[in-house]
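Please read the structure below before turning to the comments.
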Amino acid sequence: MKTKIDVLSIVGPTATGKTQLALELARRLDAEIINADSMQVYKEMRIGTNRPSPEETQGVPCHLFGFLSVREAFSVGQYVRLARELIKQINSRGKRVILCGGSGLYIKNLLRDNTFFDNAVDLKKRKELEDIADKEGIGVLFAQLKKVDLETSKRLHINDKKRIIRALELYYSSGKTITGQNIMSKQIPPRYNVCTIGLNYKNRENLYNKINNRMDEMAACGLVKEAKKIILSECSDTAKAAIGYKELVPFLESKCSLSEALEKIKIKTRHYAKRQLTWFLKDNSIFWINIDECRDFSEIISKAQNFAKSQNSLKYI
């Protein structure tokens with residue numbers, strides 16, 4: 001019987017120190033890190049995504065960080081394929097695997113072995129659907145989705161143009177719905193033994209203060225200059241979704257002050273953190289560590305290691 005590969009996953013909202021914890025655990029456990037942040041994959045987005053620098057990693061092997069141009073789109077399916085192959089390679093080297101990031105959809109579909117219809121890409125059909133949305137409104141396509149995949153339509157907002165079109169494209173290209181895909185995926189036994197640690201703040205205001213302070217630090221480190229270069233690039237739709245860049249356009253066009261633009265980024269980042277928490281708190285298997293209940297970073301490390309030890313199926317210690 002094939003042995004499952006152990007994966008230590010570190011999750012949580014933005015600005016909680018996931019990367020710092022992952023790096024320290026990697027040094028102690030002889031592990032390699034795989035990025036699970038959808039925007040840290042872009043090489044041009046260093047400051048705005050708080051991507052770890054070579055000075056911070058200090059020789060710890062880190063994968064899927066800054067390897068893609070902002071001009072290139074990147075899907076969940078592509079991520080799953082790349083990460084799955086990396087997990088096999090790291091395991092074959094006798095090293096442990098640490099997954100680190102806050103993109104819940106990436107993590108869920110990698111660890112729960114969801115199957116993607118990546119070959120079911122029909123650019124002609126996608127363009128046709130986009131034209132319908134532009135001319136007749138996204139509501140027309142939403143009505144179509146309700147007819148072919150009611151469950152998926154219930155999960156999507158009527159204005160979520162990108163996901164509505166993608167769901168219909170998958171259906172028309174493969175004849176299968178996203179709901180059907182999820183049902184099939186749940187029938188596949190998981191291929192990994194997963195131990196998941198979540199970082200958070202018990203007091204939500206502490207998290208928001210951390211986000212605000214980090215944004216000020218990013219601004220001081222050259223975020224505006226980085227954003228200007230990216231905005232002038234022909235970014236993919238995926239890259240355009242990154243918080244911290246498009247919000248600076250009004251400032252660069254002299255339509256608002258820098259402080260006003262930064263405040264908008266802070267607000268959007270706080271909203272994003274709330275969405276991340278909503279996603280992760282649904283998973284009862286996560287062991288949560290509240291940063292503001294720990295004396296210092298060493299206590300966070302200690303709690304993380306003790307939890308990993310307690311998981312009998314995981315050979316971390």
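The values are calculated or read from the model by the stated rules, or taken from the named source; none is laboratory data. Not measured: the values here are computed from a predicted model. All Cβ positions, even for glycine, are placed from backbone atoms using ideal geometry, and neighbour counts span all protein chains on display.
Give the stretch 199-218 a look and list any residue that's over 14 Å from T269 (Cα atoms) and either of a type in the set (A, V, I, L, M) or not assigned by TED's automatic domain parsing to the domain that holds P52 (or both), or say none.
Of everything in the stretch 199-218, just one residue is over 14 Å from T269 (Cα atoms) and either of a type in the set (A, V, I, L, M) or not assigned by TED's automatic domain parsing to the domain that holds P52 (or both), namely L199.
Determine whether I107 is buried (at least 20 other Cβ atoms within 10 Å of the Cβ), farther than 29 Å from C221 by Cα and within 15 Å of the chain's Cα centre (by Cα).
The answer is yes for I107.
Please specify each residue of the stretch 268-287 satisfying the condition of being among the hydrophobic types (A, V, I, L, M, F, W, C) and in contact with a helix residue (DSSP H, G or I) (Cβ under 9 Å, 6 or more places away or on another chain).
A273, L277, W279, F280, I286, F287
If you take the residues of the stretch 43-83 that are assigned to a helix (DSSP H, G or I) and hydroxyl-bearing (S, T, Y), which of them is nearest to T238 (Cα to Cα)?
Y79
Among the candidates I188, I158, I90, which residue alone is β-branched (V, I, T) and either part of a helix (DSSP H, G or I) or surrounded by 16 or more Cβ atoms within 10 Å (Cβ to Cβ) (or both)?
I90
So, T177, is that one among the polar types (S, T, N, Q), farther than 21 Å from A83 by Cα and buried (at least 17 other Cβ atoms within 10 Å of the Cβ) or not?
When the stated conditions are applied, T177 passes them.
So, in the stretch 244-290, exactly how many residues are touching a residue at least 40 places away in the same chain (Cβ under 8 Å) and of a type in the set (V, I, T)?
Qualifying residue count, the stretch 244-290: 4.
Taking the stretch 27-46 as the search range and keeping residues that are out of contact with any helix residue (DSSP H, G or I) (no Cβ under 9 Å at 6 or more places or on another chain) and within 22 Å of K303 (Cβ to Cβ), which one is surrounded by the most Cβ atoms within 10 Å (Cβ to Cβ)?
R27
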